[in-house]
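The values are calculated or read from the model by the stated rules, or taken from the named source; none is laboratory data. Everything numeric here is computed off the predicted structure, so don't read it as measured data. Please note: Cβ atoms are built from the backbone with ideal geometry, for glycine as well, and neighbour counts cover all protein chains shown. Accessible surface is based on the protein model in full, side chains and every heavy atom, while ligands, DNA and RNA are left aside. Shrake-Rupley method; radii C 1.70, N 1.55, O 1.52, S 1.80 Å.
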Amino acid sequence: MPVLDVRDLRTHLITRWGTVKAVDGVSFTVDEGETLGLVGESGSGKSMTCLSILRLAPRPAARIVGGEVRLDGDDLLRKTGREMQRIRGKKIAMILQDPMSSLNPVFSIGMQVKEPLAMHHGLRGRALFSRAVDLLASVGISSPADRLLAFPHQLSGGMRQRVVGAMAISAPPRVLIADEPTTSLDVTIQAQYLRLLKELQQRHRLAMIFVTHNLGIVARVCDRVAVMYAGRIVEAGPVEQIFRAPAHPYTKALLESVPRLGDTREWLTAIDGQPPDLAALPPGCAFAPRCTSVMERCRVDAPPEVIVGEGRTSRCWLSVAPSPPRRDAGLALGSSDGPPRA
Amino acid sequence: MTRFVLTRLAQSLVALAILSVVVFVLARATGDPLHLILPMSATEEDYANARRYLGLDRSYPEQYVTFVARAVTGDFGTSLRARRPVSELIAARLPNSLKLGAFAMGVSLLLAFPLGVMAAVHKGTVVDRAAQVIAVLGQSLPTFWVAIVLIEVVAGRLQWLPAGGVDGITSYILPGFTLGWFVVAGMMRLLRSGMLEVLDSEYVKLARVKGVVEARVVWLHALKNALIPVVTFAGIYFSILVTTAIVVETVFAWPGLGRLAYEAITSRDFPVIQAVVLTTAAIVAVVNLSVDCVYGFIDPRIRYAR
Ligand SMILES: Nc1ncnc2c1ncn2[C@@H]1O[C@H](COP(=O)(O)OP(=O)(O)O)[C@@H](O)[C@H]1O
Ligand SMILES: [Mg+2]
């Protein structure tokens, strides 16, 4: 059984411009010790997916309107608020986009590190202190006892991220969600932090969701990858296979624009066309307006999710078993056969 | 931190010195007090005698030096009207003002905190709008009008509370509320906007992600940060309270510094005016200094600076 099993998750945002389906039927699983990469352009719903798993999508705008989030078989969407509070930080931890500003400037490191330990494990006094010291030491922070007395502004950027990492694994949790944890860091620190996260994951056999812009990072840290577009997963599967032979034109476009390792350029801008406006999606496939292999039916009907290989899915008419009005069949696909999934 | 506080202390002293000059000059620019003191029938000679007796015949610099030298020892001369040492008048009134001020500050904090925090937490809802209306009314309704209505209704018709004077804790409620309500709006708005910003921050999000209960997220993690701008302005609110106290104390017949100031101004009793203004300024300076210390206590970035 997977540690985390997300099924048909739907999160809607009520905005001035109408209802935005920020997460529109997302399904995936993550096993123990496995890392799932979640990639996609900015605004495609990656953060909203992660926050919905923790039931922390920004209210009152966001509402989870359907689906299941099973943690070790237990549906989190049926939990009470109190129960969720005991799951957050204990069973599922999350590292936010900007670890530098995730520490509260007016509280000591000690207070912030000890807080979840006291809350979730009932530690007090000496036991609490020594556990906090151990935790900081375990993420490679030197003289941890002194650091507990410090305030965030007294620590270096790299140190602060380590503190955030330490808090995330303090339980240790079953699932670790890292939402673009390295975007705001420079390249050398990025590499160090990735190594640390990877090491923590392996040590605790965490199921990890790694959200990123950077396909280079996906190649290095992820086992499987799910590509999001306009609130949906358009392609998912093992990293090597998808990198070798992407099934979806969007994935293909992403891969073609990926920079060499170490290049910090954002690859997103390299794809032609405007990112979709989620409040006014076209009928049919959301990627159709930008797709180079677009067909007539793409503009009319949204493609179903189909299995395109061992553990691989794609949401593209090109992947659906041969259909009459097919114009562009010369595309390099993985395996283009397979029935639509129920 | 120590340097920060010392700098502020020096600034306060300079400000007090400048203020003493301003007060001294203004008190003498508003007209000859002897017209008020002496009877209509007074002769030129009576005026000359009175002037000499009160030291008003000497040059302004001389008068100022004497004034400062005495003021430093707490001697503000004799009231022209009451013919008693000004220090006695101040000593009699000051405690009443401090007590009313503290009570009013308590009222405004008690109103502003829940209102500001709840307005931010429930942004855009009925709660938010109601909180803003309550706060803004306190600021936009004229203080004397609020005071008169309260006296008329609560003290007069309902007979629940005394209409004026100092007589037990119940007599604090009406003037304290009138005075406190006036500054609620400013504090509440600062808190609301501060909270809105902080509630949107990454560290508040992380607190929730860690599983911290929502009440603790709001009232501890977020509020301590949102407090920083409020504390910065606390000194200013206090000054506003002090000024507004003149109206409130007068309407409620409250024997405090505010009413003493009102009486002194209407009778051009400038030794008293000078003393009241300087005493008030000294209190404001002390409050501001304490605020600076509290500020450092809340924000470690200030505490550990240099
Ligand atoms: N607080 C919010 N209020 C309204 N809309 C939001 C809010 N946060 C995100 N959105 C919208 O939800 C969609 C998904 O956003 P997000 O999950 O943050 O994308 P990603 O993490 O992939 O960049 C976007 O279209 C964004 O405009
Ligand atoms: Mg995001």
**Asked** On the accessible surface of region A:36-162, probed at 1.4 Å, how many percent belong to carbon and sulfur atoms?
**Response** 49
**Request:** Please give the contour-minus-distance gain from B:Ile302 to B:Asp75: 0.36 nm per residue of separation, less the Cα-Cα distance, rounded to one decimal in nm.
**Result:** 77.9 nm
**Message:** Show me, for region B:164-173, the HN-Hα J-couplings you get by feeding each phi into the Karplus relation (A = 6.51, B = -1.76, C = 1.60, θ = phi - 60°), rounded to Hz, glycine and proline as x.
**Reply:** x, x, 10, 8, x, 5, 4, 6, 7, 4
**Request:** Quick one: angle between helix A:157-168 and the longest Cα principal axis of chain A, in degrees between 0 and 90, rounded to 10, please.
**Result:** 90
**Message:** If I model a spin label at A:Glu240 and B:Leu161 as a point 7 Å from the Cα along the Cα→Cβ vector, what separation in nanometres do I get?
**Reply:** 7.9
**Fill in**
Distance in nm between B:Gln63 and B:Tyr47 label points, each 7 Å along Cα→Cβ, equals 1.4
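Estimate for me the total accessible surface buried between chains B and A (protein heavy atoms, probe 1.4 Å, no ligands or nucleic acids), in Å² to the nearest 100.
Values: alone 16450 and 15740 Å², together 29960 Å².
The summed interface area works out to 2200 Å².
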**Message:** Give the average, rounded to an integer, of partner chain Cβ atoms located within 10 angstrom of each Cβ in A:100-111.
**Reply:** 5
**Message:** Please check: in the Gaussian network model of chain A (C-alpha springs, under 10 Å), which one of A:Gly125, A:Gly216, A:Gly18 has the largest mean-square fluctuation.
**Reply:** A:Gly125
**Prompt:** Using a Förster distance of 30 Å, how high is the FRET efficiency between A:Asp301 and A:Leu255, based on the Cβ-Cβ distance and rounded to 0.05?
**Reply:** 0.70
**Asked** Using only helices, what value at 222 nm comes out for chain A when you add -39,500 (n - 2.57) per DSSP H run of length 4 or more and divide by the total residues, to the nearest 500 deg cm²/dmol?
**Response** -8000 deg cm²/dmol
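With a 1.4 Å probe and all protein chains in place, put B:Ile283, B:Ile236, A:Ile92 in order of accessible area, largest first.
Values: B:Ile283 40, B:Ile236 85, A:Ile92 0 Å².
Ranked list, largest accessible area first: B:Ile236, B:Ile283, A:Ile92.
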**Message:** For a quick check of understanding: with a 1.4 angstrom probe and all protein chains in place, what accessible area in square angstrom does B:Cys293 have, to the nearest ten?
**Reply:** 60
**Fill in**
The helix A:109-121 Cα axis meets the longest alpha-carbon principal axis of chain A at an angle in degrees, between 0 and 90 and rounded to 10, of 80
**Message:** Can you return the aspartates and glutamates within cross-link range of A:Lys252? Criterion is Cα-Cα under 14 Å, with same-chain partners fewer than 8 residues away left out.
**Reply:** A:Glu41, A:Glu235, A:Glu240, A:Asp272
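What's the local net charge at A:Asp98, with K and R +1, D and E -1, over the other residues with C-beta under 9 Å away?
Values: positive: none; negative: A:Glu180, B:Glu202.
Summing Lys/Arg as +1 and Asp/Glu as -1 gives -2.
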**Asked** Using a Gaussian network model of chain B with C-alpha springs under 10 Å, which one of B:Leu223, B:Leu80, B:Leu141 is most mobile by mean-square fluctuation?
**Response** B:Leu141
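Within 14 Å, Cβ to Cβ, of B:Asp57, how many net charges do the neighbouring residues add up to if Lys/Arg are +1 and Asp/Glu are -1? Display every interim value, and only then the final one.
Working: positive: B:Arg28, B:Arg51, B:Arg52, B:Arg58; negative: B:Asp32, B:Glu44, B:Glu45, B:Asp46, B:Glu62.
Around B:Asp57, the surrounding residues sum to -1.
Let me have the 222 nm mean residue ellipticity of chain B computed from DSSP H runs of 4+ only, each contributing -39500 (n - 2.57), with the sum over all residues rounded to the nearest 500. Can you show the working numbers first?
Values: 13 runs with 225 residues, N = 306.
Helix contribution divided over all residues of chain B: -24500 deg cm²/dmol.
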**Request:** For chain B, with all protein chains present and a 1.4 Å probe, just round the carbon and sulfur fraction of the accessible area to a whole percent.
**Result:** 68
**Fill in**
Computed over the protein assembly as shown, protein heavy atoms only, probe 1.4 angstrom, the accessible area per residue in square angstrom equals 46
**Asked** What FRET efficiency comes out for the pair A:Arg195/A:Arg7, r = Cβ-Cβ distance, R0 = 30 Å, nearest 0.05?
**Response** 0.35
**Message:** As a test of reading the structure, rank A:His121, B:His35, A:His248, A:His12 by solvent-accessible area (1.4 Å probe, protein chains only), most first.
**Reply:** B:His35, A:His121, A:His12, A:His248
**Message:** Cut-off under 24 Å on the C-alpha distance; same-chain residues fewer than 8 positions from A:Lys21 excluded. Which lysines are left, in chain and number order?
**Reply:** A:Lys46, A:Lys79, B:Lys123, B:Lys205
**Prompt:** Just how much of B:Arg70 is accessible, in Å², when a 1.4 Å probe is used and the result is rounded to the nearest 10?
**Reply:** 120
**Asked** Which distance in nm do the two modelled labels at A:Asp72 and A:Asp134 give, with both placed 7 Å along the Cα-to-Cβ direction?
**Response** 1.9
**Item:** Nearest 10 degrees, 0 to 90: helix B:126-140 Cα axis against chain B principal axis
**Value:** 10
**Complete:** Rounded to the nearest 0.05, FRET efficiency between A:Ile14 and A:Arg124 (Cβ-Cβ, R0 45 Å) equals 0.55
**Fill in**
The rounded separation in angstrom of the Cα centers of region B:49-101 and region A:80-121 is 60
**12 Å cut-off, amide nitrogen to a point 7 angstrom out along A:Val187 Cα→Cβ, residues in region A:197-227** = none
**Message:** Roughly how far apart, in whole Å, are the Cα centres of region A:204-233 and region B:119-175?
**Reply:** 57
